[in-house]
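Single-structure report; data block below.
Values quoted throughout were computed directly from the atomic coordinates according to the rules given, and no laboratory measurement underlies them. None of these values were measured; they are calculated from a predicted model. Here Cβ is always computed from backbone atoms with ideal geometry, including for glycine, and neighbour counts include all displayed protein chains.
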Amino acid sequence: EFVGATDPKSSRMLITKQADWAKSSKEPRAAAEMYLSAGEHLKAIDIIGEHGWADMLIDIARKLDKAEREPLAKCALHFKRLKHHGYASETYSKMGDLKALVQLHVETRNWEEV
């Protein structure tokens, strides 16, 4: 029923269902890419972060608008966990979250930046 649909909402639902299937079929990279194409950034970021794919995470964080705070914050947390502090710093700066940025620099003992 979805194949003939031209409605963007229907197409997005189909892609999301395909991504759910790919995730359950142990195809996490394909699932993450499908979630991204469906606009499901949080689901994609979770998969990408869990697998430590920093290159994909960097790409997403740079493409997201600064107003998309929740996905950006999730990217920054994954960067911190993966010890990519420079990218976490870049993401917090993009968000304008100075408190998190200072906290990151204190945690990493990057005193010049504090």
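Summary table below
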item: Separation of the residue 82 and residue 112 label points, Cα + 7 Å toward Cβ, nm; result: 2.5
item: Chain lengthening between residue 27 and residue 98 when straightened (0.36 nm per residue, less Cα-Cα); result: 21.9 nm
item: Across 43/80; 26/66; 26/83, pairs whose alpha-carbon gap is larger than 20 Å; result: 26/66; 26/83
item: Environment charge at residue 94 (Cβ cut-off 14 Å; Lys +1, Arg +1, Asp -1, Glu -1); result: -1
item: Burial ranking of peptide ranges 81-93, 61-73 (average Cβ count within 10 Å, highest at the top); result: 81-93, 61-73
